[in-house]
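Below is one structure, written out as structure tokens, with a few remarks after it.
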Amino acid sequence: MINFSGLEFIFRFLPVFMIIYWIIPSTYRDAFLFVGSLVFYASGAKWFTLLLLGLVFVNYLFGELVWVMPGRRRKTQQRQMLIAIVVIDAVVLIVFKVLALKVKSTLLPLGLSFYIFKMISYQADLYLEKMHKRPSFMQAAAYFTMFPQIAQGPIMRFTQGWIEKPTNIRRRTVYMERAVSLQKIEDGLSFFVIGLGMKVLIADRLGILWNEIVKIGFESISTPLAWLGAVGYSLELYFDFWGYSLMAGGIGLMLGFRFIQNFIHPYAACGIADFYRRWHATLGSWFRDYVYIPLGGSRCSSAAVIRNLMIVWLLTGFWHGGTLNFIIWGLALGLMIVWEKFVVKDLIRRVPLIGHLHVIILIPLTWVIFAITDLKELGMYFTRLFPFFGTGVAVNRGDFGKYIGIYWPFLAAGVLLCVPVFYNLLVWKRKNPLVIALLLVIFWVSVYFASISAGNPFMYFSF
Amino acid sequence: MLQILRRIIQKAPLLVLIVFISLVLTVLALVGRSGPYKEYSTQHGRIPVISVVMRGIHDHVYPWSEGPDDKTQKDGKDKKEDPASSGKEQDTEAADAADQDSKDQGGDARDQAEGGAADKADDGKEKEGDQAEKPEQKGSDPMKVPETSCSKVVDAKDYGVADKSYLSPDDTVYNTDKEGLFAPNGTYYSLQEVDDSYFSDALMIGDSRTVGLYEYGEMADLTSFLARESTTVYDLFDDDEKMEYTPKGKESKERTLKDLLSKAKFGKIYISVGVNELGVPDTKDYYDEFRKVVEKIHKLQPDAIIYIQGIMHVSKKMSSTDPVYNNKAVVQRNKAISTLANGRNIFYIDMNADLCDANGDLKEELTGDGIHLKASACELWHKFLLKNAIVIPGTASPDQ
């Protein structure tokens, strides 16, 4: 049920939840969102729900203390409170990450890194007085736990969901209400279907290609197949995550929230830094607002900027996983961004093609580092990508032809969707009967694939 | 009311269409519960009923199809539903064939095998037989099969993850064929080393693992392959199951096993399936189907040596976490199919001893995904086949 592309979610949890959510009075919606999200979380994370509940209470209490802090030394005490709760949250995250790494991978609670980041942003926004109104317990609890975002983000800000900027109507401050409408439901559903199609019809299919390469063994793939694998894996990751984010955003819209954009055509970016403003944008902006800018951001000496960038990227690497390859991945990206910012900045401005080539060539290579946790295996994959340092073992020269022959439709669809115009057209023309028909087909074909491959031990795997 | 509905349709056509189709499919699935979708009954409740219609489409079962009784049962699902009836039918058939053979050959076989060496070998076999849920003994004569004709099945460590429903009960009895299912005479043969020319009249039948052997085992120019990813013993003689046939060193084309064996002649036939079938509950049922396949192959190629290849074990990482794809299940299946060998023209060969560690887990360095041999390790399989071959004196040499 915890999986958006699973049938139990699509045909059981989501419709039941939505119907109740729409018919109850709006004052109860936050409470219902909180309870429903706990049920959703418990179905996948079991006992870790208690940890989530504990964190919800502790974070709400600290937030309250910051809000009501009286007296002259208010700011200092608020600051101490903020530091205390951020340390608590960070320690919980680190402890579970280390446990998962050193003891057993199942010890990492589902979505922990996402909801901890939401909690930290909540505390920081309270401290920075970005909230114009005191959050209620139900609002905070619903924000921390809301099911569309709990497993894989996006990392929405509290102010994006609840307390929007106040507007003055007849001299009275009015806070924007979260409204549910048929229009929002239809739009949300459209985004959900597009995301579902990306996940099931592109990402899951391309996932099989990567499995095939793992199966062969990296030492035995031809160089063209190694590059095909890097491109295939990059596209798989992109459509898996973008698809998920669209589904999450679509559900959010159905609930009355605004659409949270997490991917803004990253592969159309001009340069690595630009790529990461568009890729998992809510994580990037989180690091920008709560780590990079507090450290001084770009408004300091070059050395300090380089230090800040490397800290951010080291943390980003660690956030994605504890093994050394993720640290290398983060550092490599940090170095690339430093290189772009300080060495080739003017060149890219004059010849944007160089920035685009950075994205198209370097990013898939960084995803290879991301994909392979064993460093020896990772080294092997790179010697196949760049076959100057050694030859492969038992390489079948026909492997590229075989796999491109099988996977070209998915690769082609993926590459097309990397070009912004196709996706934008789909969203822009979503009221067109032809697009509605297309979305309907995408939905049912996705459900078909999900039906025959999920929860069916007979189709469990095909060897 | 009508106006509200019209407004909803205008404002949210996609929502209306999805909800409407969902309702129709749900009704169809519910109505067909006792009809075409009867065999999916075990899944009712566990998964949304709508997916039954989708799975039906995948299996070519539609709301207007007739009930499951009229449908040809062919895939794993059917087996789960009705293992008893298909098993029974097969037992009778197989028992008839076995009886016929023991009448013809049994006496000879026993006479021939009375020797000291064979007796010694027998002890080992008996021990293995005990583990293999005590195959039925015929009469008081012990089986005399040279030890080398059948490699030992490496026992796997029990990680406690095996799903019981995929295993047969401990007291399941397999009809042993060591006494001679369609055996030509009473002579038993031992495994020996051969060179690559041995494979020139052989056919390798199998699933993705065999596809790996074809692509990476340096055997494509030595022998013929008929393989397809995800094929199973239940599919081998299915008329719809077209597999990739690559005659020695030539271009591949799609053929069914039945068609190929009816038209071409092979001296040796290697069968390597079993990993996809682990998801089909019940080893007994798998064994029965395997027996049926061996009989059919023999009928079409009476002079061929049939090699039943033991299912290769999976890695520890896979075996210790997967309730279906684990070595406990593999060992149980191997013990069952090994009893089909007769030591005369049906042989059981098992390369696990060469590829696994002391616990019986496939060595991690030989596999990328825990299930398949890496390309660089396929040569080990080729070498194993070279070292474990049967040469029957008097049969035509493969090059002729």
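FYI, it's all coordinate maths here, none of it is from the lab. These figures come from a predicted structure and were not determined experimentally. Positions of Cβ are backbone-derived with ideal geometry, glycine not excepted, and every protein chain shown enters the neighbour counts.
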Problem - Around B:Lys164: net Lys/Arg minus Asp/Glu count, Cβ-Cβ under 13 Å - result: -3
Handout entry: For the range A:123-130, 3J(HN,Hα) per residue [Karplus equation, 6.51 cos²θ - 1.76 cosθ + 1.60, θ = phi - 60°, Hz, x = Gly/Pro]
Key = 5, 5, 5, 5, 4, 7, 6, 7
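Where a ≥ b ≥ c are the square roots of the eigenvalues of the C-alpha gyration tensor, would you call the range A:7-178 rounded, which needs a/c under 1.5, or, failing that, prolate if a/b is larger than b/c, or oblate? Please list the in-between numbers first.
Values: a/c = 2.50, a/b = 1.11, b/c = 2.25.
Oblate, since a/c reaches 1.5 and b/c is not below a/b.
Which of A:Tyr290, A:Tyr233 comes first, and how do the rest follow, when ranked by fewest Cβ neighbours within 10 Å? List each step's numbers first, then the result.
Details: A:Tyr290 18, A:Tyr233 21.
Placing the least packed residue first, the sequence is A:Tyr290, A:Tyr233.
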Fill in the blank from the handout: Residue-normalised 222 nm signal for chain A, counting each DSSP H run of n ≥ 4 as -39,500 (n - 2.57), nearest 500 deg cm²/dmol, is -21000 deg cm²/dmol
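How charged is the neighbourhood of A:Ala273? Take every other residue with its Cβ under 14 Å from the Cβ of A:Ala273, and add Lys/Arg as +1 and Asp/Glu as -1. Intermediate results must be reported in sequence, preceding the final value.
Values: positive: A:Arg277, A:Arg278, A:Arg288, A:Lys341, A:Lys345, A:Arg349; negative: A:Asp274, A:Glu340.
Every neighbour counted, the sum reads +4.
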Handout entry: Average partner coverage of A:6-13, which counts Cβ from other chains inside 10 Å
Key = 4
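With both bridge residues required to lie in the range B:266-400, what share of the DSSP beta bridges run antiparallel, to the nearest 5%? Please list the in-between numbers first.
Working: 2 of 11 bridges.
Antiparallel: roughly 20 percent of the beta bridges in the range B:266-400.
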Exercise for the section: Would you compute the Debye intensity of the range A:78-162 from its alpha-carbon atoms alone, equal scatterers and no solvent, and pass along log10 I(q)/I(0) at q = 0.15, 0.22, 0.26 Å⁻¹ to two decimals? Expected result: -0.58, -1.08, -1.29
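How much of the calculated P(r) for chain A lies past 33 Å, in percent of all Cα pairs?
41
Excluding B:Thr26 itself, calculate the net charge of residues whose Cβ lies under 13 Å from the Cβ of B:Thr26, where each Lys or Arg counts +1 and each Asp or Glu counts -1.
Working: positive: A:Arg12, B:Arg33; negative: none.
My count for the surroundings of B:Thr26 gives +2.
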Practice task
Please work out whether the range A:306-437 counts as rounded, prolate or oblate from its C-alpha gyration tensor, where a ≥ b ≥ c are the square roots of the eigenvalues and a/c under 1.5 means rounded, while otherwise a/b larger than b/c means prolate and anything else oblate?
Solution key: oblate
Problem - Cα long-axis angle, helix A:433-453 against chain A (0 to 90 degrees, to the nearest 10) - result: 80
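Give the order of A:Phe191, A:Phe218 when sorted by the count of other beta carbons within 10 angstrom, beginning with the fewest. Walk me through the numbers before you get to the answer.
Details: A:Phe191 23, A:Phe218 28.
Going from least to most buried by this count: A:Phe191, A:Phe218.
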Completion exercise
For chain A, the longest principal axis of the Cα atoms and the Cα long axis of helix A:302-320 enclose an angle in degrees, to the nearest 10, of 80
Practice task
Step through the table entries B:Lys152/B:Lys265; B:Lys152/B:Lys248; A:Lys376/B:Lys374, compare each Cα-Cα distance with 23 Å, and write down the pairs that go over it.
Solution key: B:Lys152/B:Lys265; B:Lys152/B:Lys248
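Fewest to most neighbouring Cβ within 10 Å: what's the order for A:Cys300, A:Cys270?
Numbers: A:Cys300 12, A:Cys270 18.
Arranged by neighbour count, lowest to highest, A:Cys300, A:Cys270 become A:Cys300, A:Cys270.
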Handout entry: Long-range HN-HN contacts of A:Gly111 with modeled amide H, under 5 Å
Key = none
Completion exercise
Along the range A:99-105, Karplus-curve 3J(HN,Hα) (6.51, -1.76, 1.60; θ = phi - 60°) to the nearest Hz, with x for Gly and Pro, reads 4, 5, 6, 8, 9, 8, 5
Practice task
Would you mind giving the mean number of other chain beta-carbons within 10 Å of the Cβ of each residue in B:225-234, as a whole number?
Solution key: 1
Fill in the blank from the handout: Binned at 5 Å from zero, the C-alpha pair distances of the range A:166-304 give percents of 2, 9, 11, 13, 14, 14, 12, 10, 7, 4, 2, 1, 1, 0, 0
Exercise for the section: Could you tell me whether the range B:319-364 comes out rounded, prolate or oblate from its Cα gyration tensor? Rule is a ≥ b ≥ c as square roots of the eigenvalues, rounded for a/c under 1.5, then prolate if a/b exceeds b/c, otherwise oblate. Expected result: oblate
Practice task
Take the alpha carbon atoms of the range A:324-358, find their center, do the same for the range B:20-36, and report the distance between the two centers in whole angstrom.
Solution key: 55
Practice task
Take peptide B:48-59, look around each residue's Cβ out to 10 angstrom, count Cβ atoms belonging to other protein chains, and average those counts.
Solution key: 5
Fill in the blank from the handout: The alpha-carbon pair-distance distribution computed for the range B:191-282, with 10 angstrom bins and whole-percent values, is 17, 51, 27, 5
Practice task
Calculate how steeply helix A:48-68 sits against the longest principal axis of the alpha-carbon atoms of chain A, using the helix alpha-carbon long axis, and give the answer as 0 to 90 degrees to the nearest 10.
Solution key: 50
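Where the convex hull is taken over the Cα atoms of the range A:184-453, what is its projected area averaged over directions, in nm²? Before the final figure, lay out each step's value.
Details: hull surface 65.9 nm².
It is 16.5 nm².
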